[in-house]
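Data block below; observations after.
The values are calculated or read from the model by the stated rules, or taken from the named source; none is laboratory data. The structure presented is a predicted model; accordingly, all values stated were derived computationally and were not measured. Ideal geometry is used to build each Cβ from the backbone, glycine not excepted, and the neighbour counts take in all protein chains shown.
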Amino acid sequence: MKQKKSISYVLPVYNEQEGLAEFYNALTKATDTISENYNFEYVFINDGSKDNSFSILQSLFEKDSRVKVINFSKNFGHQMAITAGIDMAEGDAVIIMDTDLQDPPEASLKLVEKWQEGFEVIYAQREQRRDGAIKKLTAYMFYRILDILSEVKIPKDTGDFRLLDRKVVLEMRRFRETNRFMRGLTSYVGFKQTAVLFNRDKRFAGETHYPFRKMFKLAFDGITSFSTVPLKLITQFGFYVSFVSFLGIIYALVVRIFYPEMTVQGTTFAIISVLFMGGVQMVMLGILGEYVGRIYQEVQNRPLYIVSSVLSKK
Ligand code: UDP
Ligand code: MG
């Protein structure tokens, strides 16, 4: 008899108590339909939830031997939770999925079909998203800006919902950068990649854990880890500003020499140029600072996450 292949689900959890049991039911209902052909493992990562999520996970673990729980010592963030899951998942394929029912569990079966066709990275691409207008707009802009700036092609409108073949998983484990953008990394590693379209649902319960601040950090991680374009823009912009300043110098001298009675007006001009230059320099320093800060964090080489306990039947 042929050995069944195994599929691991990597499931980050942060304060999902309202929807978690529902999610587990929907997921197992979906996977049950193909359980003659595959073995499943559900790796939940409790990313320092402050609500009852962990005790819900504990009870799932007690009743279902396929459930594994990695319990973080505190909140390390979505990307780190996924990293831990990828590090510990044992399946021949790994499916990364949100646990808020925004990624419909049935859609993951479509990823499995593509995997059987021989694809090694299959990302679920959103055809539609049912989020608030601001979330939609910022997400839309983020993927477009990333596309312009990034030096690797990162598919648009894909979250972290995707399937990775074991081969890819083993490669992913070798990336140990601190400021990580998993979506970018999975594109970067290559292999046979394809997309499956799906509709993203509204959150089943609770609020997004990506408030504007975290979105911004993720966007910046995405851009800085795959692009040095902002640094190049600084240089380019510096040249333009220098050129304009040069024209300004000529203008100031001409006025001073040929129209000395007009020089009083020069104060406005001086204030504007000083303020403008000051602003431009601050922005440029800020961008430099972002890169330097990231270099500093990478050099520290800290562990990416800290696990306080693991629940596993094996
Ligand atoms: N999440 C996490 N740690 C965090 C924030 C989020 O593990 O610090 C999980 C969360 O439980 C969910 C997934 O990551 O399963 C995506 O988060 P969320 O739904 O808040 O993001 P959105 O779908 O709004 O982009
Ligand atoms: Mg969500």
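Brief remarks on what is shown
- Residues located in region 26-51, provided they are in contact (Cβ under 8 Å) with a residue 40 or more places away in the chain, among the hydroxyl-bearing types (Ser, Thr, Tyr) and assigned to a loop (DSSP other than H, G, I, E, B): Thr33
- Complete set of residues in region 3-20 that are away from ligand 1 (no atom under 13 Å from the Cβ) and either modelled with pLDDT of 90 or more or surrounded by 20 or more Cβ atoms within 10 Å (Cβ to Cβ) (or both): Lys5, Ser6, Ile7, Ser8
- All positions within region 170-211 that are under 27 Å from Leu20 (Cα atoms), at pLDDT 70 or above, among the aromatic types (Phe, Trp, Tyr) and within 18 Å of the chain's Cα centre (by Cα): Phe181
- In region 100-142, the qualifying residues are those that are in a strand (DSSP E or B) and surrounded by 19 or more Cβ atoms within 10 Å (Cβ to Cβ), and the one that is nearest to ligand 1 (Cβ to nearest atom) is Arg126.
- Which numbered condition Ile82 misses (of (1) surrounded by fewer than 20 Cβ atoms within 10 Å (Cβ to Cβ); (2) within 20 Å of the chain's Cα centre (by Cα)): (1)
- If you check Met88, Met97 for being out of contact with any Pro (no Cβ under 6 Å at 6 or more places or on another chain) and within 8 Å of ligand 1 (Cβ to nearest atom), only one passes: Met97.
- Test: Ser53 is within 13 Å of ligand 1 (Cβ to nearest atom) and under 30 Å from Lys214 (Cα atoms): yes
- Filtered residues of region 142-163 (kept if modelled with pLDDT of 75 or more, among the aliphatic types (A, V, I, L, M) and closer than 20 Å to Leu231 by Cα): Ile145
- The residues on offer are Phe119, Phe175, and the sole one that is within 28 Å of Ile70 (Cα to Cα) and not charged (D, E, K, R) is Phe175.
- Of all residues in region 1-44, those satisfying the criterion of being β-branched (Val, Ile, Thr) and over 19 Å from Lys63 (Cβ atoms) are Ile7, Val10, Thr33, Ile34.
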